[in-house]
1. Quick one: is residue 242 out of contact with any strand residue (DSSP E or B) (no Cβ under 6 Å at 6 or more places or on another chain), on the phi < 0 side of the Ramachandran plot and touching a residue at least 12 places away in the same chain (Cβ under 8 Å)?
2. Residues to consider are 262, 227, 204; find the one that is crowded, with 17+ Cβ neighbours inside 10 Å and in a strand (DSSP E or B).
3. I'd like the full set of residues that are surrounded by fewer than 17 Cβ atoms within 10 Å (Cβ to Cβ), touching a helix residue (DSSP H, G or I) at 6+ places or on another chain (Cβ under 9 Å) and more than 16 Å from residue 310 (Cβ to Cβ), limited to the stretch 276-291.
4. Among 89, 101, which is the only one that is surrounded by fewer than 23 Cβ atoms within 10 Å (Cβ to Cβ), at pLDDT 95 or above and either outside any helix (DSSP H, G or I) or not assigned by TED's automatic domain parsing to the domain that holds residue 189 (or both)?
5. Among the candidates 134, 97, single out the residue that is in contact with a strand residue (DSSP E or B) (Cβ under 8 Å, 6 or more places away or on another chain) and over 15 Å from residue 272 (Cβ atoms).
6. In the stretch 363-385, is there at least one residue being at pLDDT 95 or above, within 16 Å of residue 244 (Cα to Cα) and not in a loop (DSSP other than H, G, I, E, B)?
7. Take the residues in the stretch 396-408 that are crowded, with 23+ Cβ neighbours inside 10 Å and in a loop (DSSP other than H, G, I, E, B), then tell me which one is farthest from the ligand (Cβ to nearest atom).
8. Suppose we filter 21, 27 for residues that are touching a strand residue (DSSP E or B) at 6+ places or on another chain (Cβ under 6 Å), modelled with pLDDT of 95 or more and in the same structural domain as residue 188 (by TED's automatic domain parsing); which single one remains?
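The values are calculated or read from the model by the stated rules, or taken from the named source; none is laboratory data. Owing to the predicted nature of the structure, the values given are computational and were not obtained by experimental measurement. All Cβ positions, glycine included, derive from the backbone under ideal geometry; neighbour counts span all protein chains shown.
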Ligand SMILES: Cc1cc2nc3c(=O)[nH]c(=O)nc-3n(C[C@H](O)[C@H](O)[C@H](O)COP(=O)(O)OP(=O)(O)OC[C@H]3O[C@@H](n4cnc5c(N)ncnc54)[C@H](O)[C@@H]3O)c2cc1C
């Protein structure tokens, strides 16, 4: 067995892991960043997306709810929508964690901004205008996108869910590159199998890479493998409460076929409403790539498959609800999460509002369809206050978690800025612990 030593080993290269690796490397630490997936380069194609996603995108909970779990350098940011939000307003009053300074710094660093009207997408702008004409309060959404990279004034439409080809959308790969520039070593196809623990303290990890098993010895271990894999690793390390309870941010697409325009080339989620936030419902424009739309609608029956042929004139509104904590992630990484009556009620309300807006936008009632419910962000599986403390440390000393699994409840908003802010805060804590003032 090969053994390697470093100051810190970070498992997983999504926004959580990439941030921690970058910040630790910039502080002069010898960092090893391990990523189970490959550095896939065939972005923007169905085959490429299938390679980046677990079970080629057909990962499902025990109850049959589809979920996307990316296994690739950069994690789920390789297929995300590039929307930004500051940490939730309840985080500080309820949990005493003030992430705002780190989130604000990240916001500025990543150049988060609203898209100008002419780049926000014609169909999306029409949805916003129609909604506001009814009396709802829709607005543009802040995006983590560099509009200078838009090609021919268009970018990051439906196909960006298969990976961004123009590079306009920020992904965690940017931070991985910066971590490497600061001296971190990044290894792909390197799966952490176990955490090495002795006398209640983390000592490193066991890694499987290229058919070989190796030990990495490090006084600091940070798990950032994502909402589903991290609780599996913690359960294997003896933390039985990991994985008990989770949230999945259930989502549903409501599609409308418009007489004139379609949204497939509009940047994803360029307009949204926060009006129903207190009721746990959020809405924004989004449409899946053509084939995904076809398969999704075909599941609703032959009429759905037939209507999917009008893809070029389709507009979509994504309904996202804040679900209640429940279910679990087991040792094999299988999610079980039944939606409650309250979750489904919110979904129905969101769908009804979306239908009303689509009608006002010009879609006939007979040309409005609803897709299946999916799980967008599996998270909250190693919650702050239960599995990790406020400093993100587990009951095993020097074993930390920094990914979507630490959310104490459904975040009810885009997660990435919050995760990055947690990462920056965690690194300050690790450095302060090593060098107490
Ligand atoms: C379709 C979609 C759209 C989204 N849109 C947005 C959006 O617009 N804005 C937003 O803020 N958020 C969005 N999100 C959510 C956001 O992308 C995720 O919440 C975020 O990426 C989670 O970050 P993470 O660090 O927890 O883990 P992940 O991004 O899941 O990364 C975890 C990494 O760990 C690796 N890994 C797993 N197991 C191991 C192991 N054993 N050893 C080594 N490596 C391992 C994985 O391969 C992966 O690369 C979206 C998500 C999806 C799926």
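1. Values: out of contact with any strand residue (DSSP E or B) (no Cβ under 6 Å at 6 or more places or on another chain): yes; on the phi < 0 side of the Ramachandran plot: yes; touching a residue at least 12 places away in the same chain (Cβ under 8 Å): yes.
Here the answer is yes, as residue 242 does meet what is asked.
2. Values: 262 fails: in a strand (DSSP E or B); 227 fails: in a strand (DSSP E or B).
The unique qualifying residue is 204.
3. 279
4. Working: 101 fails: either outside any helix (DSSP H, G or I) or not assigned by TED's automatic domain parsing to the domain that holds residue 189 (or both).
Residue meeting the stated conditions: 89.
5. Working: 134 fails: in contact with a strand residue (DSSP E or B) (Cβ under 8 Å, 6 or more places away or on another chain).
From the options 134, 97, the qualifying one is 97.
6. Yes: the stretch 363-385 contains one or more residues that are at pLDDT 95 or above, within 16 Å of residue 244 (Cα to Cα) and not in a loop (DSSP other than H, G, I, E, B).
7. Filtering the stretch 396-408 for residues crowded, with 23+ Cβ neighbours inside 10 Å gives 399-407.
Filter again for in a loop (DSSP other than H, G, I, E, B), leaving 402-403, 407.
Values: 402: 7, 403: 3, 407: 9 Å.
Out of the qualifying residues, it is 407.
8. Details: 27 fails: touching a strand residue (DSSP E or B) at 6+ places or on another chain (Cβ under 6 Å).
Of the residues listed, the single one that is touching a strand residue (DSSP E or B) at 6+ places or on another chain (Cβ under 6 Å), modelled with pLDDT of 95 or more and in the same structural domain as residue 188 (by TED's automatic domain parsing) is 21.
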